[in-house]
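Contents: one structure, followed by commentary.
Every number in this text was worked out from the coordinates using simple rules, so none of it is lab data. Worth saying up front: this structure is predicted, and the values here are computed from it rather than measured. All Cβ positions, even for glycine, are placed from backbone atoms using ideal geometry, and neighbour counts span all protein chains on display.
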Amino acid sequence: MKKFVLLLTILFLFFLVDNTKAFSISPVKQIVTLEQGTGRVVKVKVRNTERFTTRYKIDILGVKQNEGGYPVYGVNIEEAEKWVKSEQEYLEIEPGKEKEASFVINVPKDTFAGSHYVGLSVEPVLEDESNKNFTGKLISLLLLEVSGEVSESLSVLDWSGESSVYFSLDEIRLNAILQNEGSAELPIKAKVRLYNWLNKKVSEEDVYLGNSILPQTKRNTQVLLPVQKSWYLPGAYRVQLDVAYGRTAQKISAQYPFWYVPISWLIVLGGIILLIAFALFKKIKIKKDSFTF
């Protein structure tokens, strides 16, 4: 009975997958650099890997980044959507065959230099409406670089931790909020450096703050303080974030100060205070006993 149920399940999943329209597109990303007032045609290859002739809808989407650095696709969210037009609204492709979808790019004359992302979308059109939930949409990312003088500007809006006093240097979470205030896409590289109260660097490590930041986009990232491999004295410490960004590798830094008070030192300090208090108490008691006598 169990084998029969398993067989029915496998057959059901087979037909479920078989009803979806499998296909692929290439390239998955392309970069085009144009001057203001110029244009170009780009192409995306669509291959039908299904056993049936399939109709595909071609569309244009805007692309933005969320604060986590992941792409967000939508309509009317990027001005470059208006610069790109599809030459075909639909493509009908036979099984195992491949066709090209053409897109015409026209950059307006008054456009500012900078970076723009557009999604070239391909989606199968299913005759059976009941299979709508199984349709897939593939997107080829088009990076439009409008040539000219661009500004590269990055700001650190926040660089902070969860507390101002820590009893351990392990697993300290730090929050970094960056904002690209320029007109170009900014690749970023970052390091975290820890300095003690003598202004001596005690650790250094590369940290990943996500991929490139699109223009006028904010990035919110959490990083962990590098794992400490030695014993450190208590006192005032600071964590420095150093970011190199853009094609010119400009640098920006931010610092977060905190106090490090290890539990072991608190125990030792507490013991010393108790000993001193006990000694004072005993001394006062001896003096009081002598005075009474």
- Determine which aspartates and glutamates satisfy two conditions relative to Lys189: a Cα distance under 19 Å, and not lying fewer than 8 residues away in the same chain. Glu67, Glu152, Asp158, Glu181, Glu204, Glu205, Asp206, Asp242
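Could you give the C-alpha radius of gyration of the stretch 139-219 expressed as a fraction of 2.2 N^0.38 Å, taking N as the number of residues it contains? Let's see the in-between values first.
Working: Rg = 16.8 Å, N = 81, 2.2 N^0.38 = 11.7 Å.
Here the answer is 1.44, to two decimals.
I'd like the chymotrypsin sites (Phe, Trp or Tyr not before Pro) in the stretch 18-61 restricted to DSSP loop residues with at most 14 other Cβ atoms within 10 Å, sorted by number. Please report the intermediate quantities before stating the final value.
Numbers: sites: Phe23, Phe52, Tyr56; in loops: Phe52.
Here the chymotrypsin sites (Phe, Trp or Tyr not before Pro) that fit, given the DSSP loop and packing criteria, are Phe52.
In the stretch 147-180, what GluC sites (Glu not before Pro) fall in a loop by DSSP, with at most 14 other Cβ atoms inside 10 Å? Before the final figure, lay out each step's value.
Details: sites: Glu149, Glu152, Glu162, Glu171; in loops: Glu149, Glu152, Glu162, Glu171.
Qualifying residues, ordered by number: Glu149, Glu162, Glu171.
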- At most 15 other Cβ atoms within 10 Å and a DSSP loop assignment: could you name the trypsin sites (Lys or Arg not before Pro) in the stretch 145-244 that fit? Lys200, Lys229
- Task: Give, in nm to one decimal, the length gained when the segment between Leu198 and Gln240 is fully stretched (0.36 nm per residue of separation minus the Cα-Cα distance).
- Result: 13.7 nm
- antiparallel share of DSSP beta bridges within the stretch 19-146, to nearest 5, in %, is 85
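When a/c reaches 1.5 or more, the comparison of a/b and b/c decides; with that in mind, is the stretch 19-146 rounded, prolate or oblate per its Cα gyration tensor? Numbers along the way, then the final one.
Numbers: a/c = 2.47, a/b = 1.74, b/c = 1.42.
Prolate, because a/c is 1.5 or more and a/b exceeds b/c.
Net charge within 15 Å of Asp242 by Cβ-Cβ distance, Lys/Arg positive one each and Asp/Glu negative one each, not counting Asp242 itself? Please list the in-between numbers first.
Details: positive: Lys189, Lys191, Arg193, Lys201, Arg238, Lys251; negative: Glu204, Glu205, Asp206.
That sum, taken over residues with Cβ under 15 Å, equals +3.
Could you size up the charge dipole of the stretch 19-146 around its Cα centre, putting +1 on the beta carbon of Lys and Arg and -1 on that of Asp and Glu, and report it in debye to the nearest 20? Before the final figure, lay out the partial values.
Values: 17 positive and 19 negative charges, 62 e Å.
Here the size comes out at about 300 debye.
If you place +1 on the Cβ of every Lys and Arg and -1 on the Cβ of every Asp and Glu, how big does the dipole about the Cα centre of the stretch 154-266 come out, in debye to the nearest 20? Can you show the working numbers first?
On the way: 12 positive and 10 negative charges, 56 e Å.
The dipole magnitude comes to about 260 debye.
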